[in-house]
Amino acid sequence: MESSESVTLYGWFRSSCSWRVRIALAWKGIKYENIPVSLQKGQQHSQEFLAKNPLGQVPALCIDGFVLTQSVAILEYLEETRPNNPLLPKEPKSRAQVRRIVETIVSGIQPHQNLPGLDIPPGTPDEWKLAWSKEWAQMHIKKGFAALEQMLKESPGKYCVGDQVSLADVCLLPQVYNAKMLHVDLTPYPNIVRNNEELIKLEAFKSSHPRSQPDWVDEGHGINQEV
Ligand SMILES: N[C@@H](CCC(=O)N[C@@H](CS)C(=O)NCC(=O)O)C(=O)O
């Protein structure tokens, strides 16, 4: 496989999946060009972007002479090809715990807040669609967070799995941001909240925050830098 120095991320400031990749790139000190694909303007459906990801979803990462999609595949690829500042622990049980937390977020929670995941009959008024999608997302976040809260108790430490930052943290912080945006009460999840407070102190998590992105638009959610 061809290896090249230039790395380009196609993403959107508020996409939690894009944010996962931004964190890992920053954590590993990989320089990249950030090309915004506005989901609000529907740019993920443009011919140009579909050539990168026929699924019409961000993120897509051009790296080492090929285009990679699916945030977890990207994270694992970065980990395998750029093992500095590792995001997976060495010990198999801890690795499994990291992957368990990742999977809970990426397949158990995030897809339920992505609009195409909702089968809403055509003709439904916009305000109903919004209310229903919000309700649906909140329900899955609460269910997922209750499970994650338990998992975090099983691997105590400063971060999700002990005292080492891992892919679990890379996925959790953007998900907590989404939960706040959807006004989910986080009081029942003290370990998640504590984890979040630790993570946002770290430069790679801070610099990759939606608000720090060139395409940031204040959408009036009232969420500040301290997610
Ligand atoms: N499993 C994919 C999910 C990607 C995804 O859902 N991306 C969202 C933003 S976070 C998106 O592009 N949504 C727009 C759409 O589906 O039209 C990944 O982890 O990369």
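Mind jotting down the distance between the C-alpha centroids of the stretch 163-227 and the stretch 133-153, whole Å?
Measuring centre to centre over Cα atoms gives 15 Å.
Once you have all Cα-Cα distances for the stretch 8-81, histogram them in 5 Å bins from zero and send the whole-percent values.
It works out to 3, 17, 32, 27, 13, 6, 1, in whole percents.
Please get the size of the charge dipole for the chain, origin at its Cα centre, with Cβ charges of +1 on Lys and Arg and -1 on Asp and Glu, quoted in debye to the nearest 20.
With Lys and Arg at +1 and Asp and Glu at -1, about 380 debye.
Give me, ordered by chain and number, the residues 5 or more places off ILE35 or on other chains with an amide H under 5 Å from its own placed amide H.
HN-HN under 5 Å from ILE35: LEU9, TYR10, GLY11.
With an 8 Å Cα cut-off and a minimum separation of 6 or more residues, compute the relative contact order for the stretch 163-227 in percent.
Once divided by the residue count of the stretch 163-227, the mean separation gives 40 percent.
How far apart, in nanometres, would the label points at GLN40 and GLU80 be if each is projected 7 angstrom from Cα along the Cα-to-Cβ direction?
Simple spin-label model gives 3.7 nm for this pair.
So with the 1.4 Å probe, I'd like the accessible area per residue for the stretch 92-212, rounded to whole Å².
50 Å²
Using Cα springs under 10 Å in a Gaussian network model of the chain, which residue among LEU39, LEU173, LEU50 shows the largest mean-square fluctuation?
Top of the fluctuation ranking is LEU50.
Of all DSSP beta bridges in the chain, what percent run antiparallel (nearest 5)?
Counting DSSP beta bridges with both partners in the chain, the antiparallel share is about 65 percent.
Would you pull out the residues with amide H under 5 Å of CYS160's amide H, same chain only if 5 or more places away, H placed 1.01 Å from N?
SER166, ASP169
Would you mind counting up the charge near GLN44? Only other residues with Cβ under 15 Å from its Cβ, with Lys and Arg at +1 and Asp and Glu at -1.
Local charge sum for GLN44: +1.
Please state the relative contact order of the stretch 8-81 as a whole percent: Cα pairs under 8 Å, 6+ residues apart?
Relative CO of the stretch 8-81 lands at 36 percent.
Measuring with a 1.4 Å probe in the full set of protein chains, what accessible area per residue, in whole Å², belongs to the stretch 8-81?
I get 43 Å² per residue for this part.
With a cut-off of at most 12 other beta carbons within 10 Å, and DSSP calling the residue loop, which trypsin sites (Lys or Arg not before Pro) in the stretch 1-71 qualify? Please list them.
LYS31, LYS41
I want to check the label-to-label distance for ILE120 and VAL193. Put each point 7 Å from Cα in the C-beta direction and report it in nm to one decimal.
It works out to 3.0 nm between the two label points.
Go through the stretch 20-32 residue by residue and turn each phi into a ³J(HN,Hα) via Karplus (6.51, -1.76, 1.60, θ = phi - 60°); whole Hz please, and just put x for glycine and proline.
For the stretch 20-32, the Karplus curve yields 3, 5, 4, 4, 5, 4, 5, 4, 8, x, 8, 7, 8 Hz.
Can you give me the relative contact order of the chain as a percent, contacts being Cα pairs under 8 Å and 6 or more apart?
24 percent
Treat each spin label as a single point 7 Å out from the Cα along the C-beta direction, and report the SER107 to PHE66 distance in nm.
2.2 nm
If I compute solvent accessible area with a 1.4 Å probe over the protein chains, what percent of it on the chain is carbon and sulfur?
55 percent
Would you kindly derive the ³J(HN,Hα) couplings of the stretch 86-101 from the backbone phi angles with the Karplus curve 6.51 cos²θ - 1.76 cosθ + 1.60 (θ = phi - 60°), listing them in order in whole Hz, with x for Gly and Pro?
With coefficients 6.51, -1.76 and 1.60, one gets x, 10, 10, x, 7, 6, x, 5, 5, 4, 5, 5, 4, 5, 5, 5 Hz.
What full-extension length gain, to one decimal in nm, is calculated for ALA96 and LEU55 as 0.36 nm per residue of separation minus the Cα-Cα distance?
Residue separation times 0.36 nm, minus the Cα-Cα distance, leaves 11.9 nm.
For the chain, which longest stretch is free of loop sites, where a loop site is one of the GluC sites (Glu not before Pro) that DSSP puts outside H, G, I, E and B and that has at most 16 other Cβ atoms within 10 Å?
The reported range is 6-218.
The values are calculated or read from the model by the stated rules, or taken from the named source; none is laboratory data. Since this is a predicted model, take the numbers as computed values, not measurements. Cβ atoms come from the backbone with ideal geometry, glycine included; neighbour counts cover every protein chain shown. Quick note on the areas: whole protein, heavy atoms, side chains included, nothing else; ligands and nucleic acids left out. Shrake-Rupley method; radii C 1.70, N 1.55, O 1.52, S 1.80 Å.
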